[in-house]
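The values are calculated or read from the model by the stated rules, or taken from the named source; none is laboratory data. This structure is a prediction, so every number in the text was calculated from the model and none was measured. Ideal geometry is used to build each Cβ from the backbone, glycine not excepted, and the neighbour counts take in all protein chains shown. Calculation scope for accessible area: heavy atoms of the full protein, side chains included, ligands and nucleic acids excluded. Shrake-Rupley method; radii C 1.70, N 1.55, O 1.52, S 1.80 Å.
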Amino acid sequence: MNRVLPGERYGRLAFVQMQPSRGAGKPRLAIWLCDCGAEKSIAVTRVKNGYSQSCGCLGAAVASASSRTHGLRYSREYTSWTAMKARCLNPNTKDYPRWGGRGVTICAEWVSSFDAFYAHLGPRPKNTSLDRIDNTKGYEPGNVRWATPSEQQRNRATAYRWHINGVEFETHSEAANHFDVSEHTIWRWVNGQRDNRRNSFTAPKENCYVVPRY
């Protein structure tokens, strides 16, 4: 376990030389050269089992990154991250049926790490929210962006084919023009509508639905 070859690497550490034995029962120390340029005496077993991967600079860098994003706990970016997890992972939230209940997933790294989520997306511009580029895929690197309401609307409108009263349309706008009604009416025909004042719900119109384009 204590044998190390010259130049052998573990993490950021490269073996330089063994240090004299400190006696029976004590771990053998060696000099290691870190990628940051520092040399440090560390027990061979700690390096080889992966417990020590640098002279200490790696842990400092991680702590620094965490401190930078920790200040975003009450930011718009953090709110978007927690809302994404709620609608995809928590069956008790009102939005779960439309996301998690339909199989929309989140990549494992983002579920456990806001830092990783923020590193991929960066700061959230004003008047934007989290959007999936391809609605047939989940929240994952390469498929998310900060988008304006109009960008999201165009994305949703073209992600499905609209079947209204036996006729297929590319967008809900085309359907509205065809039937000479408002776009809101088409949405109501497909999704139904709740009246909170009367505590009632109008069911979707028969033979009006959408299907994924892909």
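Just one of (i) -0.25, -0.68; (ii) -0.34, -0.83; (iii) -0.52, -0.88 is log10 I(q)/I(0) by the Debye sum over Cα atoms at q = 0.08, 0.13 Å⁻¹ calculated from these coordinates, so which is it?
Checking each listed value against the structure points to (iii).
Tabulate in residue order the Karplus-calculated ³J(HN,Hα) for the stretch 187-195, using 6.51 cos²θ - 1.76 cosθ + 1.60 with θ = phi - 60°, rounded to whole Hz; enter x for Gly and Pro.
With the stated coefficients, the stretch 187-195 comes to 4, 5, 4, 7, 9, x, 8, 9, 10 Hz.
In whole percent, and with a 1.4 Å probe on the protein chains, what portion of the accessible area of the chain is carbon and sulfur? List each step's numbers first, then the result.
Details: 6720 of 13290 Å².
The C+S portion of the solvent-accessible surface of the chain is 51 percent.
Arrange the peptides 181-192, 117-128 so that the one whose residues have, on average, the most other Cβ atoms within 10 Å appears first. Intermediate results must be reported in sequence, preceding the final value.
On the way: 181-192: 16.3, 117-128: 14.3.
For the peptides 181-192, 117-128, the packing ranking is 181-192, 117-128.
Can you compute the FRET efficiency between Asp180 and Lys126 using 1/(1 + (r/R0)^6), with r the Cβ-Cβ distance and R0 = 45 Å? Round to the nearest 0.05.
Working: r = 37 Å, r/R0 = 0.82.
For R0 = 45 Å, the calculated efficiency reads 0.75.
Amide H of Lys205: which non-local residues (sequence gap of 5 or more, or other chain) have their own amide H closer than 5 Å, using H built in the peptide plane?
Under 5 Å from the amide H of Lys205 lie the amide H atoms of Val190, Gly192, each far enough along the sequence or on another chain.
Okay, helix-only estimate at 222 nm for the chain: each DSSP H run of n ≥ 4 adds -39500 (n - 2.57), divide by all residues, round to 500 deg cm²/dmol; what do you get? Before the final figure, lay out the partial values.
Numbers: 8 runs with 73 residues, N = 214.
My calculation for the chain gives -9500 deg cm²/dmol from helical runs alone.
Across the chain, how many lysine pairs, 8 or more positions apart or on different chains, have C-alpha atoms separated by under 18 Å? Please give the number.
Working: Lys26/Lys40; Lys26/Lys48; Lys40/Lys48; Lys85/Lys94; Lys85/Lys137.
Final tally of qualifying lysine pairs is 5.
Listed highest first by mean packing, meaning other Cβ atoms within 10 Å per residue, what order do 101-107, 41-47, 17-23 come in?
Numbers: 101-107: 14.4, 41-47: 17.1, 17-23: 10.3.
Ranked by mean Cβ neighbours within 10 Å, highest first: 41-47, 101-107, 17-23.
Rounded, prolate or oblate, given the Cα gyration tensor of the stretch 101-204, with a/c below 1.5 counting as rounded?
Values: a/c = 2.25, a/b = 1.90, b/c = 1.18.
The shape class here is prolate.
Set the Förster radius R0 to 30 Å, insert the Cβ-Cβ distance between Cys36 and Ser113 as r into 1/(1 + (r/R0)^6), and round the FRET efficiency to 0.05. It would help to have the intermediate numbers written out before the result.
On the way: r = 24 Å, r/R0 = 0.80.
Step by step, r from the Cβ atoms, then E = 0.80.
What accessible area per residue, rounded to a whole number of Å², is obtained for the chain using a probe radius of 1.4 Å?
Details: 13290 Å² over 214 residues.
Spelled out: the 1.4 Å probe surface of the chain, per residue, equals 62 Å².
Indicate, rounded to the nearest 5 percent, the antiparallel portion of the DSSP beta bridges found entirely in the chain. The partial results should precede the final answer.
Details: 27 of 28 bridges.
That works out to approximately 95 percent antiparallel.
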